[in-house]
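The values are calculated or read from the model by the stated rules, or taken from the named source; none is laboratory data. The structure displayed is predicted, hence computed values, not measured ones. FYI the Cβ positions are ideal-geometry reconstructions off the backbone, even for glycines, and counts take in every protein chain you see. For the accessible areas, the whole protein counts, side chains as well, though only heavy atoms, and no ligand, DNA or RNA atoms are used. Shrake-Rupley method; radii C 1.70, N 1.55, O 1.52, S 1.80 Å.
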Amino acid sequence: MLSVEQLPPDTQLTTYDRSGLRTRMLHIGFGAFHRAHQAVCCDKLAQEAGSDWGYCEVNLNSGELIAALRAQSLQYTVTEMADDHLSTRVIGVITAALHAKSDGVNRVIDAMCQPDIAIVSMTVTEKGYCHSPATGELNLSHPSIQHDLAHPDEPISLPGFILAGIKRRRAWGLAPFSVMSCDNMPGNGHVTRNVIIQLAEQQDSDLARYIRQHLTFPSTMVDRIVPAMTADSLQKLSRRLGTCDPVAVECEPFFQWVIEDNFVNGRPEWEKAGAELVANVLPFEEMKLRMLNGSHSFLAYLGYLAGYEHISDCMHDNHFLNAARTLMLSEQAPTLQIHGVDLHAYANALIARYQNRAIKHRTDQIASDGTQKLPQRWLDSIRWHLNHGSRFDLLALGVAGWMRYVSGVDERGNPIAIKDPLKILLMQRVSDSDDGENRITALLTINTVFGHDLVHNSRFRARLSFFWQQLHQQGARATVAQLMTSY
Ligand code: NAI
Ligand code: CS2
């Protein structure tokens, strides 16, 4: 358990009066990222600008972190790590914490109905939205959505929980809240609005109309590299901190948060803690999703196959470093519609961030949930190149790398532990095909990922098949190296 008194003397401690905080935001998904991003921003506001915005944290699935947080007075540490710098801060801005399964669904819905709650935000990973990543539509046959349609007052899905909160608030005559997604999806506010309204329409069209008229769903672009903590990283950090904080996270120093300024019931002055409030976030989201996350996924699949455990290990291989940079600048940047940002400088800064050896960001962590990530990271860009007749070899190699990865056996013949909500479908498609052309067809016809168009595009198929064969014949390292000689 965290003992604040034992922390090193240079730790940034909480000096504001925590009893003056009000629970004005409820956040669903108390994972590594939220702890190192939105919570830090809110903490800085309390510390430096006298803000009284506090968080009620909620986890729907696992309860361990919530229990650990409660055991240490709702405080935890965030440590920024760079090769030459390490700094720790105590986060004190949490005022309540709930775990839906052990505290009960009703407690969570009631917490959304506290009069002070003005914002419900979330970081539940892409799969938490129960949508089709290719279209953004709610997947009505998703098991959790099926459950919530049958039991709307006992929800288990994120859309189901938020809808139940909106419904109860409205019934109690309380002002609505804003709903803010902080997950890595383009138009994350639109996706959230879509899934909640589509679920509401199945139950009560009047409630759906109310949501359209009275709630807002601001989109956000969020950026900070926050690797999952492991037993090993936690042990090393505990030694450095002089106390064991099971809720601790490590992250890079970089922080960016671009928020659509569209809130119905007030918001913290996030701009005082480094966030940018803008009218349209989409160009920022697409820039970040394609240049950062797109190159991350490339390094994750190809790097894993090449035997690199971490993103920083990939950066020691010059071909991989050049491939990531070329992917950003030659294949992703041309697809963007952002003005006033120097994309060369942005790409250079990303490479420098990937080179941070103090951050142990595992390639197999980023490789997880590929079916939820590929459309926004690669596939929209591939469509752009197909329309413009331009070169997209690195993107095609990325897709071939993903197919090779989800085929489940690495280049040394060892099994790969696939983590993906469509894992069963992926395994079926893999086992029903041999590792030639029909594997490519079997995977490309997963329409919720690839839509209906790409499987029929002969130019795309040709590049994909070429790299698929290259990966089988000579492996990921040689394929990346060879491709980079032609750029
Ligand atoms: P994490 O695994 O530490 O936390 C995920 C959270 O989502 C947990 O609280 C978990 O209970 C919840 N969750 C998972 N599946 C869910 C479901 N089906 N329904 C409801 N809740 C569910 O992951 P982390 O690092 O916090 O990342 C979460 C998301 O934040 C990412 O998927 C991404 O969209 C976004 N993000 C992460 C960054 C990072 O570097 N870690 C940076 C930028 C954005
Ligand atoms: C990563 C992101 O896990 C992944 O898929 O690409 O979480 C990445 O670390 C963040 O988006 C950086 O802001």
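Here LYS288 passes the criteria (1) in the same structural domain as ARG24 (by TED's automatic domain parsing); (2) within 14 Å of ligand 1 (Cβ to nearest atom) except the one numbered (1).
The single condition from (1) touching a Pro at 6+ places or on another chain (Cβ under 9 Å); (2) modelled with pLDDT of 95 or more that PRO133 fails is (2). May I ask you to list the residues in the stretch 114-155 that are crowded, with 21+ Cβ neighbours inside 10 Å, farther than 30 Å from THR445 by Cβ and free of Cβ contacts under 8 Å to residues at least 60 places away in the same chain? The answer is PRO155, and nothing else. Scanning the stretch 342-351 finds one or more residues that are part of a helix (DSSP H, G or I), modelled with pLDDT of 95 or more and either within 18 Å of VAL480 (Cα to Cα) or charged (D, E, K, R) (or both).
Number of residues in the stretch 179-229 that are more than 21 Å from the chain's Cα centre (by Cα), in a loop (DSSP other than H, G, I, E, B) and either over 24 Å from GLY266 (Cα atoms) or within 9 Å of ligand 1 (Cβ to nearest atom) (or both) equals 1. Is there a residue in the stretch 144-161 that is within 24 Å of the chain's Cα centre (by Cα) and within 17 Å of PRO115 (Cα to Cα)? Checking the stretch 144-161: not a single residue is within 24 Å of the chain's Cα centre (by Cα) and within 17 Å of PRO115 (Cα to Cα).
Within the stretch 235-259, restricting attention to residues that are open to solvent by 10 Å² or more (accessible area, probe 1.4 Å) and within 16 Å of ligand 1 (Cβ to nearest atom), the residue that is nearest to GLN198 (Cα to Cα) is GLN256. Determine, yes or no, whether SER102 is of a type in the set (Gly, Ala, Ser), assigned to a loop (DSSP other than H, G, I, E, B), surrounded by fewer than 18 Cβ atoms within 10 Å (Cβ to Cβ) and modelled with pLDDT of 95 or more. So SER102 fails the test.
Considering the conditions (1) surrounded by fewer than 16 Cβ atoms within 10 Å (Cβ to Cβ); (2) touching a residue at least 12 places away in the same chain (Cβ under 8 Å); (3) not aromatic (Phe, Trp, Tyr), ARG224 is excluded by exactly one of them, (1). Given the conditions (1) within 16 Å of ligand 2 (Cβ to nearest atom); (2) over 28 Å from GLU154 (Cβ atoms); (3) not aromatic (Phe, Trp, Tyr), report the number of the one that ASP52 does not fulfil. ASP52 satisfies every listed condition except (1).
Of the residues screened, LEU343 is not one that is surrounded by 17 or more Cβ atoms within 10 Å (Cβ to Cβ) and of a type outside the set (Ser, Thr, Tyr).
Among residues of the stretch 110-139 being over 18 Å from the mean Cα position of the chain (by Cα) and within 16 Å of ligand 1 (Cβ to nearest atom), the one that is farthest from ASP261 (Cα to Cα) is ASN139. Of all residues in the stretch 207-236, exactly one satisfies the criterion of being of a type in the set (Asp, Glu) and in contact with a Leu (Cβ under 9 Å, 6 or more places away or on another chain), namely ASP223. Which condition from (1) surrounded by fewer than 19 Cβ atoms within 10 Å (Cβ to Cβ); (2) part of a helix (DSSP H, G or I); (3) within 16 Å of ligand 2 (Cβ to nearest atom) is the one that ASP232 breaks? It is condition (3) that ASP232 fails. Checking each residue in the stretch 38-58 for being within 16 Å of ligand 1 (Cβ to nearest atom) and either of a type in the set (Val, Ile, Thr) or open to solvent by 20 Å² or more (accessible area, probe 1.4 Å) (or both) picks out VAL40, VAL58.
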